[in-house]
Amino acid sequence: MDSIRNSTKSFNVYIGQSTFGRIFRLEGCGHEKEIKDTKFTTEVRAGLTTFFTMAYIIAVNATVLSDTGGNCVCNDTIDPACINNSEYLVCKEDLNRNLITATAAIAGLSSFLFGFLTNMPVCLAPGMGLNAYFAYQIVGFHGTGLISYNLALTAVFVEGLIFIFLSLVGMRQWLVKVIPVSLKVAAACGIGLFLAEVGLSSTSGIGAISGAKNTPLEVAGCANQYKDAFGVCTGHKMTSPTMWLGVMGGGVLTAYLMMYKVKSAMIMAILLVSIISWPRGTSVTFFPDNELGDNRFNFFKKVVDFHPINHTLNTLDWNIARERGNFALALFTFLYVDIIDCTATLYSMARFAGVVDPETGDFPRSTIAYCTDALCICIGALLGSSPVTTFVESGAGIAEGGKTGLTAMVCGTCFLISMFFAPIFASIPPWATGCTLVLVGCLMMRQISSINWRYIGDAVPAFVTVMFIPFGYSAAYGLIAGLMVYTALNGMVYITKLVSCGYIVPEDEDYREYWTIKPHGKLPWFITASQAIVDQVRHSERHKEENASIRSGESGWKYHNRVGSNGSNRELETVVVHPLPTDPRREKVLRKPGK
């Protein structure tokens with residue numbers, strides 16, 4: 001073991017001192033901005049951890065988007081939605097295989113590109129929530145929604161172009177800076193709770209909680225035969241073998257290993273639970289003896305399989321005039337949800353990684369980061385995918401020690417490889433990664449002590465943000481709720497101070513966090529441009545007033561414009577006022593510079 005440890009240490013030192021290490025600011029590279037405690041092997045391990053935590057998106061995103069029917073045509077007059085039409089279902093199955101490849105491709109490309117250009121341990125992929133909105137609200141089940149699948153992809157593509165513009169003018173960076181500090185910290189904590197909720201759910205986690213008829217959530221954890229049509233347990237709660245396998249193998253074991261600082265603890269737990277879940281005929285198998293299990297197992301047996309993207313590649317529909325209103329609605333919704341969702345998540349991951357500047361509230365290469373994210377949205381649309389966004393599961397790699405872009409590049413490489421091994425990676429059960437997300441949520445919640453709890457105007461909006469993100473199942477809407485409460489409370493205090501001329505103020509206002517609409521750093525283009533226009537208008541008006549004053553005073557005022565020795569007029573710099581003895585008015589004497 002000592003020889004392996006020494007060899008690994010020597011290898012990390014060699015990589016750190018190389019040009020490669022200098023590019024990514026690894027420890028020992030000698031760069032003035034080198035990142036402390038960064039090692040190549042740690043970054044690789046962190047990237048693998050993030051990938052295994054995110055790998056579920058390959059199958060889940062493909063399943064969600066394939067419910068739209070994509071480009072499959074339904075001509076069944078008896079069954080308008082083609083729910084039981086065999087020809088349509090075969091086309092839909094092929095569409096699913098297309099989307100598996102497309103999801104792996106865009107997740108791999110975007111994560112690799114983001115890590116290389118920004119040197120941040122943050123990965124990108126088609127976002128959960130946004131894909132559901134895309135599939136079930138915009139396109140609809142089997143194309144029964146507002147607009148067609150191809151037109152919805154066009155909306156996503158245009159959204160990406162708008163994001164690039166907003167990133168270049170600095171609006172997205174300014175949006176991060178202008179958000180109050182407590183709300184930004186609260187967003188990170190809320191995302192931690194959101195991760196924990198995802199890890200406890202049945203679709204992407206161990207299945208310990210589910211929706212309920214009389215309450216928003218309830219305890220679940222029952223086997224599939226005890227669930228009703230809506231997935232609610234009718235009995236035998238907390239008895240599911242898969243749930244307890246996830247709790248003990250993926251949760252307790254991982255936490256135990258983390259207590260002893262065992263490296264790769266998360267990866268080992270995910271692999272252990274996955275391998276236990278693969279054999280058929282057991283109570284914890286991922287391939288039960290039914291149609292769904294048979295379909296999964298037949299795909300799993302292929303091991304190596306690559307399906308070309310022939311259904312969804314570059315199928316954008318630019319005939320926007322046909323559905324102007326619905327297209328605008330879809331575009332606007334994608335814009336405001338994704339800009340806040342991605343902005344909040346990316347900032348939270350940057351803060352979790354410790355790269356946020358405490359003075360400016362920004363992180364390095366933020367413009368490149370936002371532009372890369374926007375570019376990947378456009379590329380994803382060309383591949384047939386819903387909007388790409390920053391993944392909160394990146395926190396798993398950060399918790400494992402990832403601090404540079406190598407983490408994202410390793411994760412992206414794994415996604416690109418998974419295009420050829422999709423049957424393996426699509427077969428990682430959700431209960432293998434559920435407790436990992438809970439543990440990452442626990443680590444992200446440590447920041448909650450940084451919230452300003454001493455002043456109600458900061459504490460209540462922060463709490464609303466922390467609460468609403470997991471309960472609303474959206475980082476975007478949680479932050480929107482917090483901003484609305486912050487504006488309402490502090491706006492009312494501001495108005496009260498104005499009306500009372502500053503006499504009526506909260507008793508503990510001295511504890512209020514400082515906030516300004518003009519934060520440190522470079523202001524966005526649209527603010528600096530407007531300020532320049534206003535200054536120019538004011539300067540022009542002032543110049544007109546001075547000229548008018550001079551013209552009106554020529555009859556009763558005496559102006560002395562001295563001429564230089566060369567006979568040319570000099571620039572007039574100062575105005576000295578002298579009272580005339582015979583005139584109660586005052587004479588302006590314009591002097592040359594230096595006089």
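The values are calculated or read from the model by the stated rules, or taken from the named source; none is laboratory data. Every value quoted in this text rests on a predicted model; they were computed, and no experiment measured them. Backbone-built Cβ (ideal geometry, glycine too); neighbour counts: all protein chains shown. Surface accessibility is based on the protein's heavy atoms, side chains included, excluding ligands, DNA and RNA. Shrake-Rupley method; radii C 1.70, N 1.55, O 1.52, S 1.80 Å.
Couple of notes before you dig in:
- Total residues in region 169-214, condition part of a helix (DSSP H, G or I) and either modelled with pLDDT of 85 or more or open to solvent by less than 10 Å² (accessible area, probe 1.4 Å) (or both): 18
- Filtered by the rule that a residue be open to solvent by 40 Å² or more (accessible area, probe 1.4 Å) and over 11 Å from THR404 (Cα atoms), region 38-59 gives THR41, LEU48.
- Looking only at region 379-399, and only at residues there that are open to solvent by 10 Å² or more (accessible area, probe 1.4 Å) and assigned to a helix (DSSP H, G or I), the one that is farthest from LEU109 (Cα to Cα): ALA399
- If you go through region 286-299 and keep only what is surrounded by fewer than 18 Cβ atoms within 10 Å (Cβ to Cβ) and among the hydrophobic types (A, V, I, L, M, F, W, C), you end up with just LEU292.
- Extreme residue, surrounded by the fewest Cβ atoms within 10 Å (Cβ to Cβ), among residues of region 240-285 that are without any contact (Cβ under 8 Å) to a residue 60 or more places away in the chain and of a type in the set (Lys, Arg): LYS261
- Residues of region 400-434 satisfying the condition of being surrounded by 23 or more Cβ atoms within 10 Å (Cβ to Cβ) and under 24 Å from GLU27 (Cα atoms): GLU400, GLY402, LYS403, THR404, GLY405, LEU406, THR407, ALA408, MET409, VAL410, CYS411, GLY412
Per-residue answers, yes or no, for (1) basic (Lys, Arg); (2) part of a loop (DSSP other than H, G, I, E, B):
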| site | (1), (2) |
| --- | --- |
| GLY235 | no, yes |
| GLY246 | no, no |
| MET258 | no, no |
| LYS263 | yes, yes |
| VAL273 | no, no |
| ASN298 | no, no |
| LEU316 | no, yes |
| ALA344 | no, no |
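- Considering the conditions (1) at negative phi; (2) touching a Phe, Trp or Tyr at 6+ places or on another chain (Cβ under 9 Å); (3) open to solvent by 10 Å² or more (accessible area, probe 1.4 Å), HIS31 is excluded by exactly one of them, (2).
- Candidates are the residues of region 301-333 that are closer than 15 Å to GLY380 by Cα and among the hydroxyl-bearing types (Ser, Thr, Tyr); the one that is most open to solvent (accessible area, probe 1.4 Å) is THR315.
- Unmet requirement for GLY457, which otherwise passes all of (1) open to solvent by less than 50 Å² (accessible area, probe 1.4 Å); (2) under 23 Å from the mean Cα position of the chain (by Cα); (3) in contact (Cβ under 8 Å) with a residue 40 or more places away in the chain: (2)
- Those residues of region 447-483 which are in a helix (DSSP H, G or I), of a type in the set (S, T, N, Q) and at pLDDT 90 or above, in sequence order: THR465
- When region 52-77 is filtered for residues that are in a helix (DSSP H, G or I) and among the small types (Gly, Ala, Ser), the ones remaining, listed by number, are ALA59, ALA62, SER66.
- Residues within region 483-510 that are on the phi > 0 side of the Ramachandran plot and open to solvent by 100 Å² or more (accessible area, probe 1.4 Å), tallied: 1
- THR367 satisfies every condition listed in (1) modelled with pLDDT of 90 or more; (2) polar (S, T, N, Q); (3) open to solvent by 10 Å² or more (accessible area, probe 1.4 Å) except (1).
- Pairs linking a residue in region 53-66 that is under 27 Å from LEU439 (Cα atoms) to a residue that is of a type in the set (Phe, Trp, Tyr) and not in a helix (DSSP H, G or I), with Cβ atoms under 9 Å and 6 or more positions apart or on different chains, are THR53/PHE391; MET54/PHE391; ILE57/PHE391.
- Among the residues of this structure, ARG5 does not count as one that is at pLDDT 85 or above and open to solvent by 20 Å² or more (accessible area, probe 1.4 Å).
Conditions tested, residue by residue: (1) in contact with a strand residue (DSSP E or B) (Cβ under 9 Å, 6 or more places away or on another chain); (2) in a helix (DSSP H, G or I); (3) more than 22 Å from GLU393 (Cα to Cα); (4) not hydrophobic (A, V, I, L, M, F, W, C).
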{"position": "ARG25", "(1), (2), (3), (4)": "no, no, yes, yes"}
{"position": "GLU32", "(1), (2), (3), (4)": "no, no, yes, yes"}
{"position": "PRO80", "(1), (2), (3), (4)": "no, no, yes, yes"}
{"position": "VAL90", "(1), (2), (3), (4)": "no, yes, yes, no"}
{"position": "THR103", "(1), (2), (3), (4)": "yes, yes, no, yes"}
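- Flag for GLY21 being without any contact (Cβ under 8 Å) to a residue 24 or more places away in the chain, in a loop (DSSP other than H, G, I, E, B), more than 24 Å from GLU393 (Cβ to Cβ) and not assigned by the TED database to the domain that holds PHE391: no
- The set of residues in region 418-443 that are under 18 Å from VAL252 (Cα atoms), in a helix (DSSP H, G or I) and of a type outside the set (Val, Ile, Thr) comprises PRO430, TRP431, ALA432, GLY434, CYS435, LEU437, LEU439, GLY441, CYS442, LEU443.
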